[in-house]
Amino acid sequence: MATLELYQVCKRFGAASALTPTSLQVADGEFVVLVGPSGCGKSTLLRMIAGLESPSGGEIRIGGRCVNAQEPSARDIAMVFQNYALYPHMSVRENLSYALKLRKLERAEITRRVDWAVDLLGLQPLLARKPGELSGGQRQRVAMGRAIVREPQLFLFDEPLSNLDARLRNHMRVEIKQLHRRLGTTTVYVTHDQVEAMTLAQRMVVMNHGRIEQVGTPEEVYAQPASAFVAGFLGAPPMNLLAARVSAEGTHVLVEDLAPLPLSAPQPARAGRAVTLGLRPEALLPDVDGCWTVTLNLIESLGGEMLLHAGVGKQACVLRIATTTSPWREGDTLRVNVASTALHLFDADSGQRLPS
Amino acid sequence: MGGSRTAGEPLPGTWFRGRWLPWLLLAPQLLVIAVFFLWPTLRALRDAFYQGDAFGLSEEFVGLRHFAHTLGSAEYGHALLLTLAYALLTSALSLAGGFALAVAVEGLRSGRTLFRTLFLWPYALAPAISAALWVFLFRPQVGLGAGLLEHVGVHWNPALQAGQAQALVLATTVWQLLAYNFLFYGAALQSLPPSLLEAAALDGARGWRRVRDVIWPLLAPTTLFLVVTDLTFVLFDTFGLIDVLTQGGPDHATETLVYKLYEDAFRNFDQGAAAVQSLLLMLLVTGLGVLQLRLQRRRVPA
């Protein structure tokens, strides 16, 4: 186990910048998730940590030791790939033990480690099989086994669940979390799926356009998104982002055709300026005395709750209501209340969060 | 075509209304197959059981006599053994060489395209042309290659020395096949999933271990394909090469099955024996094809 430190690490491919200089510290034993849309630089960053790409600048330290010049195999790390990357011509047992054989460990030690991983992941019935004879979930589990037998200082996961169906993905997510709890190995996990990021991360790093947008615990990032991008990326469904304007006095926020909402923190400096108003789907509550009137366009039932797609003024938003049956019908109008503490304001141009 | 489609039924849009149109479209290809494949094959099949007189005026059914004669002859046994040795040695050398070159070129940081192009050239030449090049290079006294060999103390005269003639044929064939194998191994290497090689890098497989444990086994399907293609090439397509290089000599030292067949048919005018030999050769190659299909089916993962 070890710490991971990145100092001003960047990556350029020719003239194009895949990652702007980025710094990040990962504590010993921490589970950090890099999340963002495809092309945001998260995989590039992970591959540089693994040594599969070399950084264009900056320094990568594992356990306090600079590894920039080290080969991947010398960095004492293990990586799980999206497509598993198991050797198709080797049995499961051979796949698990190959790296250990290359390191010239004693046979007894190899057996001990492989047996331990096999027990931990329930691979016993699969040992003699080839990867081609395994299901997606089983391959995933073998790939994790291949990583843990090496007892590395650092685990790297590159979208490990993306090739699995939804049910299996939920199941494996729980397994990965339990595995981390048992082993306590420092882990960097890359995904584009915000649910995976929220559920797995002790700390998450939201990335966009080759740079870090926000670092924090899932709760922090969800409650206080640092930018409109983060706000719109996290949550299912994500936060509603409405074009709005600060009132002339700086005390209210105005959405076109709708009643002004009072700000808990007035914005005199931005009086009259355009902003983006962020509202979580659960922050809009039906209330007969509510301040806003919305038009229901579409109702989606999720069983325990409902998603109401509504028109607010000339814009659209989604409401999430914890109810099993809907008293409303599509086309109805509805009054909703907005708690002033639930308002998120972002700069309309930069997308940066404004104090509220 | 409404409702569900059962297996074997053509897709909508691939259906011809008339009976004659599909046959018309097939006709050119069928004609080519009939004239250049079916007709000669049937002719060979027939000739294998008949003996004509010296003037081609009468024929007599002789049953299996041609077969017995051919299979019993020491010359045929010699040609068969020679061909097997030639085919196996050529395939093995050109496979190993093609693989090694492909791996080496893939590992280059720059100049890959240059080497790929250069190594491909021999394949672009017809066997007879490449043989002509080698004849030129290894003509005793005047050839560049021959001069080099003389320089290191080899008394070079493939027209007299059986071993030298065989080496010359072998080298020319390998040179030509090498390009072909290089091409296929190169393409296969490029189509390997990059993550597998990355996983190998993380596991610490480097150099020789990486090639032996990961790359070579992953290219097994390509190797299988190339073994059969190479053997077929050596069995059939080396006629022109041998004809230009040695004409089967000296004293039958380079007379492979396909060359002996030609000699018997067009020099000795023994139609029956030639027909039998061509049938046996065809059987051999068909057997190779069947073997390839079997192995491939077994290898393809579920």
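The values are calculated or read from the model by the stated rules, or taken from the named source; none is laboratory data. Computed from a predicted model, the values in this text were never measured in an experiment. A quick note on method: Cβ atoms are made from the backbone with ideal geometry, for glycine too, and the neighbour counts reach across all protein chains shown.
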Open item on the list: Can you go through A:Leu354, A:Leu345 and tell me which one is among the aliphatic types (A, V, I, L, M), modelled with pLDDT of 90 or more, under 25 Å from the mean Cα position of the chain (by Cα) and under 26 Å from A:Ser227 (Cβ atoms)?
Closed with: A:Leu345
Open item on the list: Looking at B:Leu170, B:Leu183, B:Leu226, can you tell me which residue is surrounded by 19 or more Cβ atoms within 10 Å (Cβ to Cβ), on the phi < 0 side of the Ramachandran plot and away from chain A (no Cβ under 14 Å)?
Closed with: B:Leu226
Task: Contacts under 6 angstrom Cβ, first residue in region B:104-132 being in contact (Cβ under 8 Å) with a residue 12 or more places away in the chain and among the acidic types (Asp, Glu), partner in a helix (DSSP H, G or I) and surrounded by 12 or more Cβ atoms within 10 Å (Cβ to Cβ), 6 or more apart - done: B:Glu106/B:Leu189
- [ ] Go through the residues of region A:74-82 one by one and say whether even a single one is farther than 24 Å from A:Glu196 by Cα, at pLDDT 90 or above, at the interface with chain B (Cβ under 9 Å from one of its Cβ atoms) and crowded, with 19+ Cβ neighbours inside 10 Å.
- [x] yes
- [ ] Test A:Arg103 against the criterion of being over 23 Å from A:Ile176 (Cα atoms), assigned by TED's automatic domain parsing to the domain that holds A:Pro21 and modelled with pLDDT under 90, and give yes or no.
- [x] yes
TODO: Test each condition in (1) more than 17 Å from A:Ser162 (Cα to Cα); (2) among the charged types (D, E, K, R); (3) surrounded by 21 or more Cβ atoms within 10 Å (Cβ to Cβ) for A:Arg12 and report the one that comes out false.
DONE: (3)
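If we keep just the residues of region A:102-130 that are of a type outside the set (A, V, I, L, M) and within 9 Å of another protein chain (Cβ to nearest Cβ), which is nearest to the chain's Cα centre (by Cα)?
The residue in question is A:Lys130.
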- [ ] Looking at (1) within 14 Å of another protein chain (Cβ to nearest Cβ); (2) within 20 Å of the chain's Cα centre (by Cα), find the lone condition where B:Arg298 falls short.
- [x] (2)
TODO: Inspect all residues belonging to region B:242-252 and state whether any of them is in a helix (DSSP H, G or I), closer than 24 Å to B:Leu118 by Cβ, within 14 Å of chain A (Cβ to nearest Cβ) and of a type outside the set (D, E, K, R).
DONE: no
Open item on the list: For the structure I just gave you, tell me whether A:Ala74 is over 24 Å from the mean Cα position of the chain (by Cα) and either closer than 30 Å to A:Gln25 by Cβ or not assigned by TED's automatic domain parsing to the domain that holds A:Thr20 (or both).
Closed with: yes
Task: Complete set of residues in region A:248-274 that are farther than 15 Å from A:Leu354 by Cα and without any contact (Cβ under 8 Å) to a residue 60 or more places away in the chain - done: A:Ala248, A:Glu249, A:Leu254, A:Glu256, A:Asp257, A:Leu258, A:Ala259, A:Pro260
- [ ] Determine whether region A:334-352 contains at least one residue that is surrounded by 12 or more Cβ atoms within 10 Å (Cβ to Cβ), at positive phi and either assigned by TED's automatic domain parsing to the domain that holds A:Ile299 or in a loop (DSSP other than H, G, I, E, B) (or both).
- [x] yes
- [ ] Report those strands (runs of 3 or more DSSP E) wholly inside region A:51-158 carrying at least 2 residues which are aromatic (Phe, Trp, Tyr).
- [x] A:154-158
Open item on the list: Here is a list: A:Leu46, A:Leu19. Which entry is among the hydrophobic types (A, V, I, L, M, F, W, C) and part of a strand (DSSP E or B)?
Closed with: A:Leu19
TODO: Keeping to region B:208-223, report how many residues are buried (at least 17 other Cβ atoms within 10 Å of the Cβ), in a helix (DSSP H, G or I) and within 11 Å of another protein chain (Cβ to nearest Cβ).
DONE: 5
Open item on the list: Against the condition β-branched (Val, Ile, Thr), over 26 Å from B:Leu189 (Cα atoms) and either modelled with pLDDT under 90 or assigned to a helix (DSSP H, G or I) (or both), how does B:Val135 come out, does it pass?
Closed with: yes
Open item on the list: For B:Ala205, only one of the following conditions fails: (1) over 17 Å from B:Ala102 (Cα atoms); (2) within 14 Å of chain A (Cβ to nearest Cβ); (3) hydrophobic (A, V, I, L, M, F, W, C); (4) surrounded by fewer than 20 Cβ atoms within 10 Å (Cβ to Cβ). What is its number?
Closed with: (4)
TODO: Give B:Asn181, B:Asn157 a once-over and let me know the one that is at pLDDT below 90 and in the same structural domain as B:Arg206 (by TED's automatic domain parsing).
DONE: B:Asn157
Task: Flag for B:Leu120 being among the aliphatic types (A, V, I, L, M), more than 14 Å from every other protein chain (Cβ to nearest Cβ) and in a helix (DSSP H, G or I) - done: yes
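Can you work out which of the residues in region A:61-72 that are touching a residue at least 24 places away in the same chain (Cβ under 8 Å) and crowded, with 16+ Cβ neighbours inside 10 Å is nearest to the other protein chains (Cβ to nearest Cβ)?
Only one residue fits best here, namely A:Ile62.
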Task: Where a residue in region B:204-218 is without any contact (Cβ under 8 Å) to a residue 24 or more places away in the chain and its partner, wherever it lies, is in a helix (DSSP H, G or I) and charged (D, E, K, R), with Cβ under 6 Å and at least six apart - done: B:Ala205/B:Asp213
